[in-house]
Amino acid sequence: MHLIHSTLTHKVVEPQVKTTAKYPALVLLHGRGADENDLLNLADYLDERLFLISVRAPFVYQHGGGYTWYDIEDIGKPEPKMFAESYNKLMKFLGDIRTGYPVDSARIYLCGFSMGATIAFAAALTDPGSFAGVIANSGYIPEDSELKLDWQSLKGKPFFISHGIYDPVIPVTFGRRASELLHKVEADVHYREYDMGHQIGEESLNDIMQWLTKSLDRL
């Protein structure tokens, strides 16, 4: 399939199950120092009905190669200017894929790791009606950003949140905080902690696979 020209560099993996209808989509958002190839490794494990779109963050990571969504002022605090630019580019990109690919606008999921999870939270919490659900691995909700988060529209919205108990990069307290905030507004939160560090482990991947398939079956 010819890739659309859009705000952000990306790769696609088409569904194994072909249909004449539009496909449910999963947008993959990598962490710092990686690129659009990083999370494509998950393709073989995920529901074969999904149209996968793996996105490259817009900024070169100057301290080790790869790309980044933003610089970090402190743990849990993105640099505001870069964060806002990445957010705006991602939101435009998410609009582009709705018209540029055969995806069902009512069945678009976001899946992020680390700062990719944070930018996924940012997109979903500012525009909840545009997404079918969010998978956030080892990230946090950007509470201190200038974005206006639409907490009132999150009731029943599906979230799968995973975090390693021994995460040395983004402590597990951030995952617990995200779960707490979303439970308060009655989102449909599936929160799990794992005996791991800053990663997507085998157990968490299995849980993601099951969660996604069950969510797709309900739509």
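The values are calculated or read from the model by the stated rules, or taken from the named source; none is laboratory data. Every value quoted in this text rests on a predicted model; they were computed, and no experiment measured them. For neighbour counting, all protein chains shown are included, and Cβ atoms are generated from backbone atoms with ideal geometry for every residue, glycine included. Keep in mind that these areas ignore ligands, DNA and RNA; they rest on the heavy atoms of the full protein, side chains included. Shrake-Rupley method; radii C 1.70, N 1.55, O 1.52, S 1.80 Å.
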- Would you say Ser86 is in contact with a strand residue (DSSP E or B) (Cβ under 6 Å, 6 or more places away or on another chain) and either open to solvent by less than 60 Å² (accessible area, probe 1.4 Å) or not aromatic (Phe, Trp, Tyr) (or both)? no
- Task: With the checklist (1) open to solvent by 10 Å² or more (accessible area, probe 1.4 Å); (2) under 22 Å from Tyr23 (Cβ atoms) in hand, flag the one item Ser215 doesn't pass.
- Result: (1)
- In region 6-14, is there at least one residue being more than 16 Å from Tyr101 (Cβ to Cβ), of a type outside the set (Ser, Thr, Tyr) and open to solvent by less than 20 Å² (accessible area, probe 1.4 Å)? no
- Message: Against the condition of a type in the set (Ser, Thr, Tyr) and crowded, with 18+ Cβ neighbours inside 10 Å, how does Thr99 come out, does it pass?
- Response: no
- Query: Tell me, which residue of region 28-40 that is closer than 19 Å to Ile208 by Cα and touching a Gly at 6+ places or on another chain (Cβ under 9 Å) is most open to solvent (accessible area, probe 1.4 Å)?
  - Reply: Asp38
- Options Tyr191, Tyr166: the member that is of a type in the set (Phe, Trp, Tyr) and touching a Ser or Thr at 6+ places or on another chain (Cβ under 8 Å): Tyr191
- Note on the structure: Given (1) at positive phi; (2) crowded, with 19+ Cβ neighbours inside 10 Å; (3) touching a strand residue (DSSP E or B) at 6+ places or on another chain (Cβ under 6 Å), Thr68 misses just (1)
- Note on the structure: Taking region 41-62 and keeping residues farther than 16 Å from Leu212 by Cβ and either touching a residue at least 12 places away in the same chain (Cβ under 8 Å) or open to solvent by less than 40 Å² (accessible area, probe 1.4 Å) (or both) leaves Val55, Arg56, Ala57, Pro58, Phe59, Tyr61
- Query: On the given criteria, is Ala124 without any contact (Cβ under 8 Å) to a residue 60 or more places away in the chain, open to solvent by less than 30 Å² (accessible area, probe 1.4 Å), under 23 Å from Asp217 (Cβ atoms) and under 12 Å from the mean Cα position of the chain (by Cα)?
  - Reply: yes
- Evaluate region 146-161: report whether one residue or more is out of contact with any Gly (no Cβ under 6 Å at 6 or more places or on another chain), part of a helix (DSSP H, G or I), surrounded by fewer than 20 Cβ atoms within 10 Å (Cβ to Cβ) and of a type in the set (Gly, Ala, Ser). yes
- Message: Please go through (1) hydrophobic (A, V, I, L, M, F, W, C); (2) under 22 Å from Asp47 (Cα atoms); (3) out of contact with any Asp or Glu (no Cβ under 8 Å at 6 or more places or on another chain) for Phe159 and return the number of the only condition it doesn't satisfy.
- Response: (3)
